[in-house]
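What follows is a short report on a single structure.
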């Protein structure tokens with residue numbers, strides 16, 4: 001869940017505004033990290049796992065274009081995203097509507113657009129505004145691509161995984177080249193700022209409270225299983241982790257079964273699941289409850305497939 005004004009916007013709306021402020025360069029062989037899945041994930045304050053679903057919806061509405069570009073610091077070309085004319089039109093209208101709103105700063109009403117510094121990105125400005133439309137000098141929520149600040153609850157799950165990996169790596173007093181490569185791959189995958197990683201590393205080195213390797217690997221499996229499936233790039237990352245931690249396939253399947261039985265739900269899914277439980281207390285979902293759940297799905301960005309999976313799980317549990 002995202003705190004502040006940003007939490008009142010859907011993931012799709014934040015994605016549109018982000019891509020509007022970070023246009024995909026035309027006719028260039030290189031593109032910034034901001035328009036990759038990792039960059040989008042960090043900017044809109046959700047786990048990277050949830051980004052493809054949002055991008056797919058935008059692409060279906062002909063509001064998104066994709067391509068392969070070189071990204072500074074990456075070993076190979078990566079998929080990047082930009083807005084079509086239709087996407088720019090919708091995003092621009094949304095951005096203008098947001099920036100025309102009034103907020104309270106130092107006790108006075110001001111137009112949000114007047115608070116923008118030179119070249120400041122819209123989402124950066126919005127991160128300083130709380131749910132009550134009050135502007136704060138310090139950000140209410142900070143993306144993990146920034147070196148400082150409190151990340152959203154969704155992003156904190158990725159931070160916790162990196163923290164545990166670093167604690168494991170520091171157990172013998174040093175981080176080997178192989179461990180550093182693995183951590184770098186995970187950090188790149190979730191789009192975390194190097195300074196934030198260094199701070200977590202210093203913390204792990206001081207505490208040296210290293211979890212067993214199987215526990216760290218299960219954490220990664222639970223993160224990967226957030227929406228019920230493990231994608232291709234996640235499979236590659238998990239294979240690297242298995243090799244680094246010396247986890248055989250038998251142990252992998254055992255830990256995978258545990259991760260499936262005890263999944264880590266993102267805040268939106270957890271909220272929706274709790275609402276489903278309440279609706280099913282009398283053994284059925286009324287028409288009013290069904291309408292309310294449909295509205296909640298749209299608000300929390302819960303797909304019909306995810307709804308059906310959660311519903312089946314809860315009904316099976318009650319049998």
Suppose the filter is within 20 Å of residue 141 (Cα to Cα) and surrounded by fewer than 17 Cβ atoms within 10 Å (Cβ to Cβ); does residue 98 pass it? no
If you take the residues in region 54-63 that are closer than 26 Å to residue 187 by Cβ and surrounded by 16 or more Cβ atoms within 10 Å (Cβ to Cβ), which one is modelled with the highest pLDDT? 55
Take the conditions crowded, with 16+ Cβ neighbours inside 10 Å, farther than 15 Å from residue 183 by Cα and at pLDDT below 80 and apply them to residue 262. Does it pass? no
Could you identify the single residue in 73, 119, 87 that is closer than 21 Å to residue 32 by Cα, touching a residue at least 24 places away in the same chain (Cβ under 8 Å) and surrounded by fewer than 16 Cβ atoms within 10 Å (Cβ to Cβ)? 73
Suppose the filter is touching a residue at least 24 places away in the same chain (Cβ under 8 Å), crowded, with 16+ Cβ neighbours inside 10 Å, in a loop (DSSP other than H, G, I, E, B) and touching a strand residue (DSSP E or B) at 6+ places or on another chain (Cβ under 9 Å); does residue 6 pass it? no
So residue 132 passes all but one of these: (1) under 20 Å from residue 22 (Cα atoms); (2) at pLDDT 85 or above; (3) part of a loop (DSSP other than H, G, I, E, B). Which condition number does it fail? (1)
Would region 250-259 turn up any residue that is modelled with pLDDT under 75, in a helix (DSSP H, G or I) and out of contact with any helix residue (DSSP H, G or I) (no Cβ under 8 Å at 6 or more places or on another chain)? no
Just checking, does region 301-318 include any residue being modelled with pLDDT of 80 or more and loosely packed, with under 12 Cβ neighbours inside 10 Å? no
Residue check: is residue 157 at pLDDT below 80 and part of a helix (DSSP H, G or I)? yes
On the basis of being surrounded by 16 or more Cβ atoms within 10 Å (Cβ to Cβ) and not assigned by TED's automatic domain parsing to the domain that holds residue 186, does residue 66 make the cut? no
Considering region 187-246, residues that are under 16 Å from residue 52 (Cα atoms) and not in a helix (DSSP H, G or I), and then whichever is modelled with the lowest pLDDT, we arrive at 227
The one condition in (1) at pLDDT 90 or above; (2) crowded, with 17+ Cβ neighbours inside 10 Å that residue 78 fails to fulfil: (1)
Only one of these conditions is not met by residue 272: (1) at pLDDT 75 or above; (2) in contact with a helix residue (DSSP H, G or I) (Cβ under 7 Å, 6 or more places away or on another chain); (3) exposed (fewer than 15 other Cβ atoms within 10 Å of the Cβ). Which number is it? (3)
Of (1) modelled with pLDDT of 90 or more; (2) over 23 Å from residue 64 (Cα atoms); (3) surrounded by 16 or more Cβ atoms within 10 Å (Cβ to Cβ), residue 109 satisfies every one except (3)
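The values are calculated or read from the model by the stated rules, or taken from the named source; none is laboratory data. Not measured: the values here are computed from a predicted model. Positions of Cβ are generated from backbone atoms using ideal geometry, with glycine treated the same way; all protein chains shown enter the neighbour counts.
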